[in-house]
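The values are calculated or read from the model by the stated rules, or taken from the named source; none is laboratory data. These numbers come from a predicted model, not from an experiment. Backbone-built Cβ (ideal geometry, glycine too); neighbour counts: all protein chains shown.
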Amino acid sequence: MTDKGSVSPVEQQVPAKQRKNKTCMRHCKKFWWAYLCLFIVIVVLVVCLILLVAIPKIAQKKLDNSELQVDGISVTQTRSETYLMGINSTIRSDGGVSAKIAPFRAEMYLEDIEPHTPFVVLDFPETTSAELQTVNVTDKRIEIPNMEAFTTFNTMLLGQKSVRVTIKGDTTVRVSGVARNYGVTYKKTFELTGLNHFAGLEVTHAEVSTEPDENDNNFHGFVTIPNPSVLTIEIGNASFNTFLNGENVGTTYMDNLVLSPGNNNASLRASISQGPVLTALTVEPYCQDGIIDFELSGDGVTNQGEELSYFSGALSAANLTVPINIGESVSRDLGVDLGCTSSGNSSRLLI
């Protein structure tokens, strides 16, 4: 017979669970404030991590992933220590985050030349994170921060097919809805097409005379100078030592020279020793078609009476070969037809 006062195992377990639940409830009622504080601390930590770590990293990543396209650069009113500079550029981004980038001062330097010495320090305006926007810097007076670096830039720009330039500057970004500025670094490297040592330069017209003019010039002509770059450069008045077969035969001048993108038509004048030129026209290969290759080496550049060492240094870095149909000019302007001779002696024709 079963004892009525006994309790089955199942009946004993139920009160045990109830006691555990009641204990937990009493604990929560007693220490609810501690759990609330812990929750608040966790929320604050998460928000701080988002504001102080996540957003700056996202903003920096957005800047790093944006694309910079330089549409045009102008270097005008060139002086010995300063010049006016303008830049037209386009920035593309995914536009996922609405933000404003504060105006900032940036350095420009040659990416492939160590150490990275800036040749330009330029102020950039405020920009946004729009998917497509135009950023223009209009005619800012630039003081050359390092003459050697600027000369190196001009030398590479004039002498190479392309150069890589980096723009770098520290600024701040403010994300829409967040009342805080975050420090970021804007750094972009872009490729500039160079003038490739004036490849394709052509003298389209040449005139010679027996009597020098008031400037002691006995040669005048016109030249087409290609500029495949996006740069407009006011060079000024350039003079070149002129060589024929390694011999210095005079000086060539290009006045008020401004190179814009595309083909540029410019005048040139020269004071040339005619004897070596006429002698060359009587020997091969020049006597066959009358075309003589002259070598020009930069001698000096001035603008508004000031010497521009950064251009003269660049133009003297390497000789420029200029073919000129002198034979045709001599025949037309002097009435002298020269032919090939075995000895190359043309003393009877020297002027």
Original post:
List, please: which pairs have Cβ atoms under 6 Å, are six or more places apart or on different chains, and start with a residue in the stretch 298-313 that is hydroxyl-bearing (Ser, Thr, Tyr) and end with one that is in a helix (DSSP H, G or I)?
Top reply: Tyr310/Phe150; Tyr310/Thr151; Tyr310/Asn154
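Yes or no, residue by residue, for (1) under 30 Å from Asn65 (Cα atoms); (2) modelled with pLDDT under 90:
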| site | (1), (2) |
| --- | --- |
| Leu158 | no, no |
| Val165 | yes, no |
| Ala179 | yes, yes |
| Thr189 | yes, no |
| Asn196 | no, no |
| Glu207 | no, no |
| Gly221 | no, no |
| Thr224 | no, no |
Subject >> In the stretch 129-156, the residues that are within 20 Å of Ser74 (Cβ to Cβ), among the polar types (S, T, N, Q), at pLDDT 95 or above and touching a strand residue (DSSP E or B) at 6+ places or on another chain (Cβ under 9 Å) >> reply: Asn154
Subject >> Checklist (1) crowded, with 18+ Cβ neighbours inside 10 Å; (2) assigned to a helix (DSSP H, G or I) applied to Gly275, failing item >> reply: (1)
Original post:
Name the residues in the stretch 119-128 that are surrounded by 18 or more Cβ atoms within 10 Å (Cβ to Cβ), without any contact (Cβ under 8 Å) to a residue 40 or more places away in the chain and not aliphatic (A, V, I, L, M), would you?
Top reply: Phe119, Thr127
Original post:
What are the pairs, 6+ residues apart or on separate chains, where a residue within the stretch 195-216 that is surrounded by fewer than 14 Cβ atoms within 10 Å (Cβ to Cβ) has its Cβ under 9 Å from a residue that is in a loop (DSSP other than H, G, I, E, B)?
Top reply: Ala199/Lys161; Ala199/Pro228; Gly200/Pro228; Thr210/Asn218; Thr210/Ile351; Glu211/Asn218; Pro212/Asn218
Subject >> Subset of the stretch 284-296 [buried (at least 17 other Cβ atoms within 10 Å of the Cβ) and either at pLDDT 95 or above or β-branched (Val, Ile, Thr) (or both)] >> reply: Ile292, Phe294, Glu295, Leu296
